[in-house]
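Engineer: I am attaching a structure below and will ask some questions about it afterwards.
The values are calculated or read from the model by the stated rules, or taken from the named source; none is laboratory data. Every value quoted in this text rests on a predicted model; they were computed, and no experiment measured them. All Cβ positions, even for glycine, are placed from backbone atoms using ideal geometry, and neighbour counts span all protein chains on display. Just so you know, the surface numbers come from the protein's heavy atoms only, side chains and all, with ligands and any DNA or RNA stripped out. Shrake-Rupley method; radii C 1.70, N 1.55, O 1.52, S 1.80 Å.
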Amino acid sequence: MDAAERLEKARLLVTQLESGDDEAAEITLDQIAIKKEPDLFQEVGRLTRELHEAINGFLLDQRIAELAERDIPDASERLNYVIEMTEDSANRTLEAVEESLPIADEVKEKADRLAEQWQLFRTRQLSVDEFRILSEELNQFFTQLTEHVGVINGNLSQVLMAQDFQDLTGQIIRQVITLVHDVEEKLVQLVRISGAQLPDKQQHAEKLEGPVVPGVDQGDVVAGQDDVDDLLSSLGF
Amino acid sequence: MKILVVDDFSTMRRIIKNLLRDLGFTNTQEADDGNTALPALQAGNFDFLITDWNMPGMTGIDLLKAVRADNKLASLPVLMVTAESKREQIIEAAQAGVNGYVVKPFTATTLEEKINKIFERVEG
């Protein structure tokens, strides 16, 4: 129906309505509507076809099957391995520190005692016999010192080597981040097809959020220990 | 002074135990969640409880509530050491009767300060 035709029908409709010829007006209205309907059907048909193709395209997307069947289970394995590696490293470090601390304490204690004796000797307050004992103790101390420092050195090297996880876990986590990006992309496509709207962000009070991550919105969190202390003191603590 | 340290990560338990030893507290025991901690508390004369919040099984907040609900344990001082840092969670812990709240990551000084503060108040 072109513009001239439409105008003609409209004029006819106005005339019929004005003259009170309801029956004729009804027929004219139907004519206008019938002319319009095939356009509407065509449009609905086109949209249906597009939606169908989009869904089929999505279903046939190889990448999604890969993600679901291989990459995501792989990622879980990888992240478990990250936990294992960091835990192992923490344990190796703690072992080395726990072994070194008492040795350092022992060395300090002995050194303090010998320094005291040595001071007495320098101020000529030691007898010859006492000095002989001190001399023997010093001798033992030096031998032990070499041994102790050797152990502490070894442990410090162990602490150093226990940091080797950082490089490896960094690489693994980066792979998983890439995967998360891929999944995000596919999900965005899915949302686009379904036309779903994101509801207002809901905070789940029961859900434990864990550590605060800079740049990730986790709701109303404290900025650090000072904030916790302020909050608690405002509650009467 | 007998202290129970509850955390699901053994490394965190070890760190806390080492810090406690530096502070002169050598009598410590460990548990990995509320379900193992509660019977230990009920069985053996502990003077102090340090617990994480987020643990599989029984969480720290549920452990705290269980301790406060238990006649024999109700007055046990409890320090929460956790990564949970939502204001409403801290308020919840306070309402449940926690004696101190330390957010991870923490320093040795913070832990010492909070422990001392709790004992001052308990003794005072």
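Engineer: Hey, what angle do you get for helix A:72-122 against the long axis of chain A, alpha-carbon based, 0 to 90 degrees rounded to 10?
Structural biologist: Rounded to the nearest ten degrees, it is 20.
Engineer: Give me the one-decimal nm value for the distance between modelled label points at A:PHE131 and A:GLU8, 7 Å along each residue's Cα-to-Cβ direction.
Structural biologist: Distance between label points: 13.7 nm.
Engineer: Given the C-alpha centroids of segment B:64-124 and segment B:15-39, what is the distance between them in whole angstrom?
Structural biologist: Using only Cα atoms to place each centre, the spacing works out to 14 Å.
Engineer: May I ask you to order A:55-62, A:226-233, A:8-15 by the average number of other C-beta atoms within 10 Å around their residues, highest value first? Could the numbers behind the result be given before it?
Structural biologist: Details: A:55-62: 10.9, A:226-233: 15.2, A:8-15: 13.8.
Put in order of decreasing packing, that is A:226-233, A:8-15, A:55-62.
Engineer: Tell me the Kirkwood hydrodynamic radius of chain B in angstroms, computed as one over the mean inverse distance between distinct C-alpha pairs.
Structural biologist: Working: mean 1/r = 0.0704 Å⁻¹.
Here the Kirkwood hydrodynamic radius works out to 14.2 Å.
Engineer: How far apart, in nm, are the 7 Å Cα→Cβ label points at A:GLU69 and B:ASN71?
Structural biologist: It is 6.3 nm.
Engineer: In segment A:84-181, what percent of the accessible surface is made up of carbon and sulfur (1.4 Å probe, ligands and nucleic acids excluded)? Write out the running numbers ahead of the final one.
Structural biologist: Working: 4000 of 6950 Å².
For segment A:84-181, the apolar C and S fraction of the accessible surface comes to 57 percent.
Engineer: Once the Cα gyration tensor of the protein assembly as shown is diagonalised, what are the square roots of 5 times its eigenvalues, in whole Å and ordered largest first, as equivalent ellipsoid semi-axes?
Structural biologist: Values: eigenvalues 1108, 165, 62 Å².
Largest first, the protein assembly as shown gives 74, 29, 18 Å.
Engineer: Can you tell me the 0 to 90 degree angle between the C-alpha axis of helix A:225-234 and the longest principal axis of chain A, rounded to 10?
Structural biologist: Long axis of A:225-234 versus the principal axis of chain A: about 80 degrees.
Engineer: Give B:LYS72/B:LYS117; A:LYS110/B:LYS117; A:LYS186/B:LYS104 a once-over and call out the pairs whose C-alpha atoms are over 31 Å from each other. Before the final figure, lay out the partial values.
Structural biologist: Values: B:LYS72/B:LYS117 23 Å; A:LYS110/B:LYS117 34 Å; A:LYS186/B:LYS104 35 Å.
The pairs that break the limit, which is 31 Å between Cα atoms, are A:LYS110/B:LYS117; A:LYS186/B:LYS104.
Engineer: Then there is this: Evaluate segment B:27-92: find the radius of gyration of its Cα atoms, find its Kirkwood radius, and give the ratio Rg to Rh. Working shown, then result.
Structural biologist: Details: Rg = 11.5 Å, Rh = 12.2 Å.
Rounded to two decimals, Rg over Rh is 0.94.
Engineer: Still on this structure: With N set to the number of residues, divide the alpha-carbon radius of gyration of segment A:1-79 by 2.2 N^0.38 Å and report two decimals. It would help to have the intermediate numbers written out before the result.
Structural biologist: Numbers: Rg = 26.8 Å, N = 79, 2.2 N^0.38 = 11.6 Å.
Here the Cα radius of gyration is 2.32 times the empirical estimate.
Engineer: What angle do you read, to the nearest 10 degrees and between 0 and 90, between the alpha-carbon axis of helix A:165-194 and the longest principal axis of chain A?
Structural biologist: 10 degrees
Engineer: Also, quick follow-up: Using a 1.4 Å probe, what is the accessible area per residue for chain A, in Å²?
Structural biologist: Working: 17790 Å² over 237 residues.
Averaged over the residues of chain A, the accessible area is 75 Å².
Engineer: Suppose R0 equals 35 Å. What FRET efficiency, 1/(1 + (r/R0)^6) with r the Cβ-Cβ distance, do A:PHE121 and A:LEU101 give to the nearest 0.05? List each step's numbers first, then the result.
Structural biologist: Values: r = 31 Å, r/R0 = 0.87.
Computed FRET efficiency for A:PHE121 and A:LEU101: 0.70.
Engineer: Going Cα to Cα from A:LYS108, which lysines come in below 23 Å? Please leave out same-chain ones fewer than 8 positions away.
Structural biologist: B:LYS17
Engineer: Still on this model: Need one number: buried accessible surface between chains A and B, 1.4 Å probe, both sides summed, DNA, RNA and ligands left out, in Å² to 100. Let's see the in-between values first.
Structural biologist: On the way: alone 19000 and 6710 Å², together 23260 Å².
About 2500 Å² of accessible surface is lost on pairing.
Engineer: Check cross-link reach from A:LYS9 to the lysines: straight Cα distance under 19 Å, and skip same-chain residues fewer than eight apart.
Structural biologist: The qualifying lysines are A:LYS35, A:LYS36.
Engineer: Go through A:85-95, A:63-73 and give me the packing order, highest mean Cβ count within 10 Å leading. Working shown, then result.
Structural biologist: Details: A:85-95: 16.2, A:63-73: 13.5.
Highest to lowest by the protection proxy: A:85-95, A:63-73.
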